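To start, the structure under review is shown below, and the notes come after it.
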Amino acid sequence: MAETMTASVPETQRTAAKAFYFNTAAHLMRITRQKANTLAEFLAALNECPEDSIFQHSFRTLQEHHFIRQGFSNDFAQWALSSCKEPRLGEQLSGVDVREFTSIADLRQRFISIVSDFLQTNPDAGAKAAQETFYFCASDVVVIPTHFVANTMHEFGEGIRSVSIHSIHHHFIEARLRLKLMSNDFSQWLHEDMGLTATARAVNQIDIYTGTLEDVRNQIVRIVERALTMGGD
Amino acid sequence: MATAKEMVNAPFQEPAVKPESVAAAPLPIARPERRKTPRTWETPPAPVPPAPLDHYRSIVGDADIEELRFLARDVAGKTVKMVNSTAVGGGVAEILNRLIPLLGELEVKTHWDVITGGNDFFEVTKAFHNALHGAPYELTREAQEVFLMHNEQNRQRMEFNEDVVVIHDPQPAALIRSKSDKNRWVWRCHIDLSNPNPQVWGFLRPFVEQFDAAIFSSQSFARQLPIPQYLFYPCIDPLSEKNKDLDETFVQKVCDEFGVDRKRPIVTQVSRFDRLKDPVGVVQAFKMAKKYVDCQLVLAGGGASDDPEGAIVLKEVREVAGDDPDIIILDLPPWCALEINALQRASTLIIQKSIKEGFGLTVTEALWKGKPTIAGAVGGIPNQVIDKLTGALVHSVEGCAYQIRYLLTHPDFADQLGRNGHEHVKENFLMTTNIRRWLLLFRILLHGSGKA
């Protein structure tokens, strides 16, 4: 009987196996001991800085600068371009997509390898003084709840529309460090608790580097609305 | 506006015939008649009381305010003491006047104490302040004794029973001797310590190292210390007179009074007449740019009436400006916040061509108003102006002149910078973000951080 009733209800009208609790994260920036005035010092600091610093200047900076549509992907790339005047290195660093990494250690190695390779082919660039010092910072993070809970796709859409950009960043971008998966909290819930695999995949494919976080929110809303209209994936 | 009174201010220079070589517009320009004495007040108006937290909803959104309330739950009922050296005047007092009621609304009861001291104490602390900014200074045993004696007197007079004690700037730093296991102490340093006098810093450092944490306004101001150092950017209050939205008729009225023609591009720098703000360089850059683009320059500042050096700088600016009728120089008293706000809102571009700068809150104000901003790459300005993304950074008069020309002739790009700048301030440099940082710090000091 239960199976018959479930079958008659569109997938998007079902109640989720588990509720989605919208949280958010608040970050307090700490100033660390590492700083760099040249690319050689920068490479040394990349090796020594705490993992929190790599997180701050890659994942977290996307939240601080969420409103910029183009030309900004992480603090390292911005510094290489604007203060070291090394556009090739800037482009290579900005090409690092944080969503391809589920561990900060791997992300750090990627940045180190780009800068090392650049300095091997451009040894004179290592000692050139940058226009501005790069100060390595880090974040202390506190996760806080919000009022929003979703048991259905409709409630999920409402939550996405209503939560802050910080919450979107927390669930959509930072999440993979927690999940250790190439996914995000929204897609995980859509797939595992709503059974909407294609919708989950569509959300996971949203490009975070060509739009703002507000654009990301709007794209998720559109995907959810489309699923609601179609009654399923 | 009803209390406005006439006050003689900057002498008005009658417009002279503009030399052919600097005339960019081919047709004669009809200029509004400029008042000979800009309208100001004789005495400062009463301060406007700070707005309650819910008034910020329309600016940052419901979700951000709700997040503050959630964040405050963990520290509700805790008590905080803020200690500084002055109750009125100065940036710290201004910040505390707005911060403390908002923390109170979030049930973090915050008490504000001001240390007392004689002229000898404040002479020493003024000298310390300048020395920490890098000025030469010979630290004497007598100065150390004066500093310690007044700190000790204040320490005996005050009680420190709160959960968190926040000491602002160096003047009360030696109160740390009252630190116990029962509470956490934070040193909030508002000044630039990037190049301190070694004697003074060497004297203060042992006190600073006893705190549980220190807070600086910029990464570059921090020192190597054995305690955690946090970054709290200075902030602006979007509901203050300096930054709130203004009625268009008021903006027009202010421009009319000051002889600013809103039909033509307006380039503005708001700053004290201080060499470190390079007002002469701004006039030079404007004159270079005006050969190619029609525009007016407004230099709105103060400091000439109460600061002898300010008067000299103002005279230099007037000399460089010469008889150009498109250069409008306004020496305003510090309580003309609404007029400054109106001038910023009327501007096409805003410049802050500082040679040395603390954080540069006039830049924050300009960005908040969505204005394309050209600024010197010094102090805390690069934290706000990300070159080509939230504004334009410059290093010279020539660079400034080029950016004026470029942004006036590429309005779409200029608008994009303005929009990004506004969002940057909304995310990072508003009073509500500052409240969030304080709540987080209290939470971390009292309960530790809960990592994602």
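Read the figures in this text as sums done on the coordinates, not as results from a lab. Since the structure is predicted, the reported quantities are computational estimates derived from the model, not experimental observations. Every residue, glycine as well, gets a Cβ built from its backbone with ideal geometry; the counts of neighbours run over all protein chains shown.
For the cross-link pairs A:85/B:356; B:78/B:179; B:242/B:287; B:81/B:277; B:287/B:388, the ones whose C-alpha atoms lie over 25 Å apart are B:242/B:287; B:81/B:277. Measuring nothing but alpha carbons in the protein assembly as shown and taking Rh as the Kirkwood radius, the Rg to Rh ratio lands at 0.99. Highest mean packing first, where packing is the average number of other Cβ atoms within 10 Å per residue, the peptides B:216-223, B:94-101 line up as B:216-223, B:94-101. By the beta-carbon count within 10 Å of each Cβ, the least crowded to most crowded order of A:86, B:138, fewest first, is B:138, A:86. As a length-normalised measure over Cα pairs under 8 Å and 6 or more apart, the relative contact order of the stretch B:303-428 settles at 21 percent.
When both the stretch A:73-120 and the stretch B:349-424 are represented by their alpha-carbon centers, they are found 26 Å apart. Peptide A:129-141 has a mean of 4 when you count, residue by residue, the C-beta atoms of other protein chains within 10 Å of its C-beta. A Cβ-based charge dipole, computed about the Cα centre of the stretch B:239-428 with Lys and Arg at +1 and Asp and Glu at -1, lands at about 420 debye. Classified by the C-alpha gyration tensor, the stretch B:311-409 has a rounded form. Its axis ratio a/c, with a ≥ b ≥ c, is below 1.5. Among B:230, B:137, the order by Cβ neighbours within 10 angstrom, fewest to most, reads B:137, B:230. Based on C-alpha pairs under 8 angstrom that are at least 6 apart in sequence, chain B has a relative contact order of 16 percent.
Dimensions of chain A along the principal axes, based on C-alpha atoms and rounded to the nearest Å, stand at 74, 31, 26, largest first. The mean count of C-beta atoms from other chains within 10 Å of the C-beta of residues in A:80-91, rounded to a whole number, is 1. Cross-link reach is defined here as a Cα-Cα straight distance under 24 Å, omitting same-chain residues fewer than 8 places apart; for residue A:18 the lysines meeting it are A:180, B:451.
The trypsin sites (Lys or Arg not before Pro) of the stretch A:72-154 meeting both criteria, a DSSP state outside H, G, I, E and B (loop) and at most 14 other C-beta atoms within 10 angstrom of the site's C-beta, are A:85, A:128. Applying the criteria of a DSSP loop state and at most 14 other Cβ atoms within 10 Å to the GluC sites (Glu not before Pro) of the stretch B:158-266 yields B:159, B:209. A simple charge model with +1 on the Cβ of Lys and Arg, -1 on the Cβ of Asp and Glu and nothing else charged puts the dipole of the protein assembly as shown at about 140 debye relative to its Cα centre.
Overall, the anisotropy analysis places chain B in the prolate class: the square-rooted eigenvalues a ≥ b ≥ c of its C-alpha gyration tensor yield a/c not less than 1.5, with a/b exceeding b/c. If you sort the three axes of the alpha carbon gyration tensor as a ≥ b ≥ c, you get a/c under 1.5 for the stretch A:28-138, which makes it rounded.
Neighbour counts of C-beta atoms inside 10 Å place B:388, A:35 in the sequence B:388, A:35, starting with the fewest. The mean count of C-beta atoms from other chains within 10 Å of the C-beta of residues in B:64-71, rounded to a whole number, is 5. Projecting the Cα positions of B:349, B:366, B:413 onto the charge dipole of the stretch B:239-428 (unit charges on Cβ atoms of Lys, Arg, Asp and Glu, taken about the Cα centre) puts B:413 furthest along the positive direction. For chain A, averaging the sequence separation of C-alpha pairs within contact (under 8 Å, six or more residues apart) and dividing by the residue count gives a relative contact order of 33 percent.
For trypsin sites (Lys or Arg not before Pro), the sites in the stretch A:156-233 that DSSP calls loop and that have at most 14 other Cβ atoms within 10 Å are A:180. Here the simple spin-label model places points 7 Å from the Cα toward Cβ, and for residue A:161 and residue A:112 these points are separated by 4.8 nm. Three principal axis extents of the stretch B:308-367 based on alpha-carbon atoms, in descending order, are 30, 27, 22 Å. Under 5 Å between amide hydrogens, built in the peptide plane, is the criterion, and for residue A:139 it picks out A:30, A:56 among residues at least 5 positions away or on other chains. For the stretch B:239-428, the alpha-carbon coordinates run over 39, 35, 33 Å along the three principal axes, in decreasing order. When every Cα-Cα distance of the stretch B:60-105 is counted in 5 angstrom steps from zero, the calculated P(r) takes the values 5, 17, 23, 20, 16, 13, 6, 0 percent.
Separation of the stretch B:154-213 from the stretch A:31-45 is 29 Å, based on Cα centroids. When the Cα centres of the stretch A:171-222 and the stretch B:104-132 are compared, how far apart do they sit, in Å? The stretch A:171-222 and the stretch B:104-132 have Cα centres spaced 49 Å from each other.
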